[in-house]
Structures are given as structure tokens and as C-alpha cells.
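What follows is a set of notes on a single structure, which appears directly below.
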Amino acid sequence: PELWEKVQKRMGDNKRNAKNKAKRTYLLTGLIECEECGATYVGHTSTNKKGYETRSYICGNKYRTRTCSAKNINADEIEAFVVQQLKAYLLETDFEAEAQHIADQVNNSSPDLKAERAELASVTAQINNGLKAILNGMDIPELRDEMDRLRSRKGELEDIIDRRTANRAQVDPQNIVQIFQDALDNWDTDLPTIIKQHITKIYAHINGSISVNIGVHLSGCG
């Protein structure tokens, strides 16, 4: 009986450990950027005195060096929001049109990338100026919307420059269409991979709100 009790206890411990490990999976690792300091958010699990665990995303600088005051983000809430937004995007997007737009952006970029680099510098400067305005108290919806648009464009330009600099083959829009379709077909079986493929960046704003950039990473589309 004593041996059986030890076996049962060990089995129970294993089940609890497996459950806790599953709960501590962070779908958005490496995707959340702090608006205040630019660091990437990290996943963290805290346990209160009653043993209740809470999963959060914390600014990397705040977590490691306490040099940032950005608000923590409840992991369950942001993951549910991002998954909801991504599913809506996939259901509402015209895959053919979006794939052609993405392919045209990359394939028609200038050979020396001077135009893209110049635009990237301009967009980055505008983002920095907007951030300074927000930090100085000018936190209005119109400015937030413009900052989101600029960040989205910045991500597009960085993808274009990275791909062309690596001398990769031109992007085939049909391959992008297939990536979109695969995401819908495999939604219930491979969500972590789908998130990494289609969530290009998440911005954690100073006021506690977030912006989610959705698209497709271009690796494998040539």
C-alpha cells in the first residue's frame, strides 16, 4: 500500500507539472515590442501565496534591469485578443489580392534599395517624433492611428530590404496564397507556428494599449 501511494503521488505530481508547463507556454514570445524603451517582452509566471499562477508578458528591460516602467500585460488576455484578430484577418482577407500586393512590394523594389532605405529613414524619424509627442502628453487617437500606420510600413520596408539584401529569388504570390490557406486549414493543430508566420509585430504602448501587425513573413515564398 505504501509503495502504491508513492506511485500515485508521483503520477499526480507529473500530471500537475505537465499542466503547469502547458499553462506556461507563451504564444507571443519575441513578438511584443515595448514602445517606451524598444525592448522585447518576455513571458513570466508569478505565483501568489495561495498557489494561484498568473502568466504575464513583461518588458525585457523592466524584468532584467528595472530600467523601464512599462505596464505588464496579462498573457491570457493578450493571447486571446491576438488569436481573435488573426482569425478574423484570415477569414476576411482576399488572399489573392493580398498576396499580389506583398509580392509586388518586394519584387518591384529598386535594385539599389536607395528609395526604400530613404523611406525607412523618414518613417523611423516620424515614429520617433510621434513617440516624443506622446511622452510629452500629446496622446490623441489620431496620433496613435498614424503611429500604427507608420510602424506597419516600417515593418514592410525592413522585410523588403532584408529579403533583397539577401539576394533571394523573387516572391511568388501563389506561395503566399498557400501560406494563408495553410493557416486556415491547420488552425486547430498548429496555432503557435501560424502565429509566428502571420504576426509580424505587436507594439505595447505607453498607455497600456497594444497594436498588432498582421501579415506574412516572407521566408519560403520565393
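The values are calculated or read from the model by the stated rules, or taken from the named source; none is laboratory data. As the structure is a computational prediction, the values presented were derived from the model and not from experiment. Neighbour counts are summed over all protein chains in view; Cβ atoms, including those assigned to glycine, are modelled from backbone coordinates with ideal geometry. Accessible surface is based on the protein model in full, side chains and every heavy atom, while ligands, DNA and RNA are left aside. Shrake-Rupley method; radii C 1.70, N 1.55, O 1.52, S 1.80 Å.
Under a Cβ-Cβ cut-off of 11 Å, what is the net charge of the residues other than residue 124 that fall near it, where Lys and Arg count +1 and Asp and Glu count -1?
Result for the local shell: +2.
Full extension from residue 187 to residue 93: what is 0.36 nm times the residue separation minus their Cα-Cα distance, to one decimal in nm?
Net length gain for the segment: 32.3 nm.
What does the net charge come to around residue 162 if you take all other residues with beta carbon closer than 13 Å to its beta carbon, with K and R at +1 and D and E at -1?
Its environment carries a net charge of +1.
Per residue, how much accessible area does the chain have with a 1.4 Å probe, in Å²?
59 Å²
Give me the three principal axis extents of the stretch 16-106 from the C-alpha atoms, as integers in angstrom, largest value leading.
Sorted from largest, the Cα extents of the stretch 16-106 read 53, 34, 18 Å.
Taking 0.36 nm per residue of separation and subtracting the Cα-Cα distance, what length does fully extending residue 168 through residue 206 add?
Full-extension gain reported as 10.0 nm.
Under 5 Å between amide hydrogens, which residues at least 5 positions from residue 214 or on another chain qualify, with H placed 1.01 Å from N in the peptide plane?
When sequence neighbours closer than 5 places are left aside, the close amide H contacts are 200.
Would you kindly derive the ³J(HN,Hα) couplings of the stretch 66-72 from the backbone phi angles with the Karplus curve 6.51 cos²θ - 1.76 cosθ + 1.60 (θ = phi - 60°), listing them in order in whole Hz, with x for Gly and Pro?
The phi angles translate into 6, 9, 9, 10, 4, 6, 6 Hz.
What's the extension gain from residue 77 to residue 44 if we count 0.36 nm per residue and subtract their Cα-Cα distance?
In short, 10.5 nm is gained.
If you plug each phi of the stretch 129-145 into the Karplus form 6.51 cos²θ - 1.76 cosθ + 1.60 with θ = phi - 60°, what whole-Hz ³J(HN,Hα) values come out, in order, with x for Gly and Pro?
These are the phi-based 3J(HN,Hα) values: 5, x, 5, 4, 5, 5, 5, 8, x, 8, 9, 10, x, 4, 5, 4, 4 Hz.
In sequence order, what are the phi-derived ³J(HN,Hα) couplings for the stretch 100-110 according to the Karplus relation 6.51 cos²θ - 1.76 cosθ + 1.60 with θ = phi - 60°, rounded to whole Hz, with x for glycine and proline?
Values per residue, Gly and Pro as x: 5, 4, 5, 4, 5, 4, 7, 5, 9, 5, 5 Hz.
Put a dot 7 Å past each Cα toward the Cβ at residue 136 and residue 84; how far apart are the dots in nm?
Placing both labels 7 Å beyond Cα along the Cβ direction yields 3.6 nm.
Count the net charge of all other residues whose Cβ sits under 12 Å from the Cβ of residue 197, scoring Lys and Arg as +1 and Asp and Glu as -1.
-1
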